[in-house]
Protein chains: 2
Amino acid sequence: MGARTYSIGEAAKESGVKVPTIRYYEDIGLLGRIARSDGNRRFYDRSDLSRLSFIRHARELGFEVDAIRTLLRLQDDPDQTCEAADAIAKARLDDVERRISSLKLLRSELKKMMHECAAGRISECRVIEILADSSHHHGRLVEP
Amino acid sequence: MGARTYSIGEAAKESGVKVPTIRYYEDIGLLGRIARSDGNRRFYDRSDLSRLSFIRHARELGFEVDAIRTLLRLQDDPDQTCEAADAIAKARLDDVERRISSLKLLRSELKKMMHECAAGRISECRVIEILADSSHHHGRLVEP
DNA sequence: GGTAACACCTCAAGTTGCTAGAGCTTCAAG
DNA sequence: CTTGAAGCTCTAGCAACTTGAGGTGTTACC
């Protein structure tokens, strides 16, 4: 039973990661060595596909490539405690919480702003006014 | 009474925009012509400072530079209706709402993940497992 | 008046996570 | 044998800055 292999296009379909993105992930070292055919085409096996799905899923959850690199190293080394993986997930959760609350602040700012704008002329537009009002400043409402 | 002027460093302090960022904003045409001293140093007057504060505040609220460009044009032209400004603010509000709800989804995913992880070894770590589980996929949880 | 420290200048390149394009090769089908 | 799709490499571009190199101007102190 020869193990099935996949072209980059098939790998893209299976994993949900686009073709150029797969090549990019290889470039930045997320995938390790990928086998090549005689005609210099990449081909992938099942384990490559799971790695791709792993990466895609983690990216969907907003993990940065660097965090994913670490998670992949952990995955490759199943005897370690999952403390490190836990810490990464926790950091991500904290980040998400922070973003949510700053976006909520933002939302109320924007709502207030729009609510007060009575569709008149710019000279009395609250949107513009509030933006121009330098007394009106908080820290970073939007994350970097 | 000669109108007071400010060096770029002072302008940075007053407006809360960093020095290189001020130069950058000038480069991309957000500030118009900035006066120069004999020794080729930029100097700023009060109106430059308000423009900078305006930009900073808008950026804090997450408006893109292009939107800010439009808002600044509107501000310079006080006889227009504020419809356009309103539309920009509304688009931003919609964007913020979208982000909030996708982040909330994300948060519950992450919480579930961490909750199930019983601090054991990687081989049985739910964080890693869930990420690896390709059946576990939704659309874009995170905005582009 | 000299000199040291510091703010300022310009220009180029790096950041993040890809995406898009040009220009070429390889492969499978008809 | 030809055509068209899919592959290849390499480069450049996006947003909104930040960082760095290498040079000039200004100010404070002795």
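The values are calculated or read from the model by the stated rules, or taken from the named source; none is laboratory data. The structure presented is a predicted model; accordingly, all values stated were derived computationally and were not measured. Cβ: placed from backbone, ideal geometry, glycine included. Neighbour counts: every protein chain shown. For the accessible areas, the whole protein counts, side chains as well, though only heavy atoms, and no ligand, DNA or RNA atoms are used. Shrake-Rupley method; radii C 1.70, N 1.55, O 1.52, S 1.80 Å.
The table below lists the values:
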| item | result |
| --- | --- |
| Candidate residues A:96, A:65: accessible-area rank, largest first, probe 1.4 Å | A:65, A:96 |
| Greater than 19 Å apart at Cα, pairs in A:104/B:90; A:90/B:111; A:13/A:90; A:111/B:90 | A:13/A:90 |
| Cα centre as origin, Lys/Arg/Asp/Glu Cβ charges: the range A:1-54 dipole, Debye | 40 |
| Per-residue average of Cβ from other chains inside 10 Å of B:41-53 | 1 |
| Chain A, helix-only ellipticity at 222 nm - DSSP H runs n ≥ 4, -39,500 (n - 2.57), divided by all residues, nearest 500 | -19000 deg cm²/dmol |
| Label spacing, shortest first and in nm, from residue A:13 to its equivalents in the remaining copies (7 angstrom along Cα→Cβ) | 6.5 |
| Kirkwood-based Rg to Rh ratio, the protein assembly as shown, C-alpha trace | 1.11 |
| J(HN,Hα) series, the range B:28-43, from Karplus relation 6.51 cos²θ - 1.76 cosθ + 1.60, nearest Hz, glycine and proline x | 8, x, 7, 10, x, 6, 10, 5, 10, 7, 3, x, 6, 8, 6, 9 |
| Label geometry 7 Å along the beta-carbon vector: residue B:80 inter-copy distances in nm | 5.4 |
| Shortest-first distances to equivalent copies, position residue B:111, nm, label 7 Å out along Cβ | 2.0 |
| Buried solvent-accessible surface, both chains (B, A), 1.4 Å probe, Å² to nearest 100 | 5000 |
| Closest-to-axis residue of chain A (Cβ criterion, axis taking A to B), whole Å | A:100, 3 |
| Span per principal axis, largest first, for the Cα atoms of the range B:1-102 (Å) | 51, 34, 23 |
